1. Could you say which residue among 45, 39 is in contact with a Ser or Thr (Cβ under 9 Å, 6 or more places away or on another chain), open to solvent by 50 Å² or more (accessible area, probe 1.4 Å) and closer than 25 Å to residue 137 by Cα?
2. Among the numbered criteria (1) over 18 Å from the mean Cα position of the chain (by Cα); (2) in a strand (DSSP E or B); (3) within 20 Å of residue 82 (Cβ to Cβ), which single criterion is violated by residue 115?
3. Answer yes or no as to whether residue 83 is under 20 Å from residue 1 (Cβ atoms), in a helix (DSSP H, G or I) and either touching a His at 6+ places or on another chain (Cβ under 8 Å) or modelled with pLDDT under 95 (or both).
4. Would you confirm, using the coordinates I've provided, whether residue 143 is more than 17 Å from the chain's Cα centre (by Cα) and hydroxyl-bearing (Ser, Thr, Tyr)?
5. May I ask you to list the residues in the stretch 4-21 that are open to solvent by 60 Å² or more (accessible area, probe 1.4 Å) and either closer than 22 Å to residue 71 by Cα or among the hydroxyl-bearing types (Ser, Thr, Tyr) (or both)?
6. Consider residue 105 carefully, then state whether it is at pLDDT 95 or above, among the small types (Gly, Ala, Ser), farther than 26 Å from residue 53 by Cα and open to solvent by 50 Å² or more (accessible area, probe 1.4 Å).
7. Those residues that are closer than 16 Å to residue 52 by Cα and among the hydrophobic types (A, V, I, L, M, F, W, C), I need them from the stretch 114-136; list them, please.
8. Here are some residues: 106, 70. Which one is more than 17 Å from the chain's Cα centre (by Cα), touching a residue at least 24 places away in the same chain (Cβ under 8 Å) and on the phi > 0 side of the Ramachandran plot?
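The values are calculated or read from the model by the stated rules, or taken from the named source; none is laboratory data. In this text the structure is predicted, and so the values were computed from the model without any measurement. All Cβ positions, even for glycine, are placed from backbone atoms using ideal geometry, and neighbour counts span all protein chains on display. For accessibility, only protein heavy atoms count, side chains too; no ligands or nucleic acids. Shrake-Rupley method; radii C 1.70, N 1.55, O 1.52, S 1.80 Å.
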Amino acid sequence: VIAVTARSCLFPQRELEESIEFCKKKGIKQFFVDIDALKIPNFDKNSENRCYICKQFLFQKIIAVAEQNGIKTVCEGSNIDDTKDYRPGLVAIEEIGVKSPLMQAGLYKSEIRQLSKKMNLPTWQKPSFACLASRFAYGETITEEKLKKVEKAEQLLINLGFSQMRVRMHGTIARIEVLPKEFSTLLKNREKITTELLRLGFSYATMDLQGYRTGSMNELVLKGRKQT
């Protein structure tokens, strides 16, 4: 088994460093592919099939590394919970022949956490994470500057102790999602958060009263598909 890790502006530096530390501790040989996502044709336009475009490009690079090292099968970590959301990337994964063993085993995220804890994996309670491109409303052009702005905004919340959160970008508006149980902590730190987000270039800092949830940018897409 080898690990292939993408280095890209779509992923915070902390995620890269965590992967390196994990592979070193487990004795896993790790390879890297450098992805300039903003040069992938049509990616920066951020259409509803953005994830499909990206996954096609990314896994072709990963498959090439696998083949160079005599690895016949490439696996990724989608699970049953991912089928409940709008995930065009799953179509790309299936088309390109990448395997999803956790999904094939019928495992949900909560079950994976339980099994990971039994196996003493440090990731068993790691907060859910998706690439930074998922923070943008569909149709809004993605730039490296905007990606860095979102990364810094979320790092601010992490430094303040928030366990599971997102900073969604709607033009110059930052929509902050945190767990409902952490609403009071967000309000206690509102002046510090607002000051920093305005310094980063946002015009407004808003709090989402529904709280954190995966794929909130997909809600309008899913609603539209149900209506049609």
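1. Working: 39 fails: in contact with a Ser or Thr (Cβ under 9 Å, 6 or more places away or on another chain).
Matching residue, one of 45, 39: 45.
2. Exception for residue 115: condition (2).
3. On the way: under 20 Å from residue 1 (Cβ atoms): no; in a helix (DSSP H, G or I): yes; either touching a His at 6+ places or on another chain (Cβ under 8 Å) or modelled with pLDDT under 95 (or both): yes.
So residue 83 fails the test.
4. On the way: more than 17 Å from the chain's Cα centre (by Cα): no; hydroxyl-bearing (Ser, Thr, Tyr): yes.
So residue 143 fails the test.
5. First, the residues of the stretch 4-21 that are open to solvent by 60 Å² or more (accessible area, probe 1.4 Å): 7, 11, 13-14, 17-18, 21.
The one that is open to solvent by 60 Å² or more (accessible area, probe 1.4 Å) and either closer than 22 Å to residue 71 by Cα or among the hydroxyl-bearing types (Ser, Thr, Tyr) (or both): 7.
6. Details: at pLDDT 95 or above: yes; among the small types (Gly, Ala, Ser): yes; farther than 26 Å from residue 53 by Cα: yes; open to solvent by 50 Å² or more (accessible area, probe 1.4 Å): yes.
Judged against the criteria, residue 105 is a match.
7. Answer for the stretch 114-136, where residues must be closer than 16 Å to residue 52 by Cα and among the hydrophobic types (A, V, I, L, M, F, W, C): 130, 131, 132, 133, 136.
8. On the way: 70 fails: touching a residue at least 24 places away in the same chain (Cβ under 8 Å).
That would be 106, the only listed residue that is more than 17 Å from the chain's Cα centre (by Cα), touching a residue at least 24 places away in the same chain (Cβ under 8 Å) and on the phi > 0 side of the Ramachandran plot.
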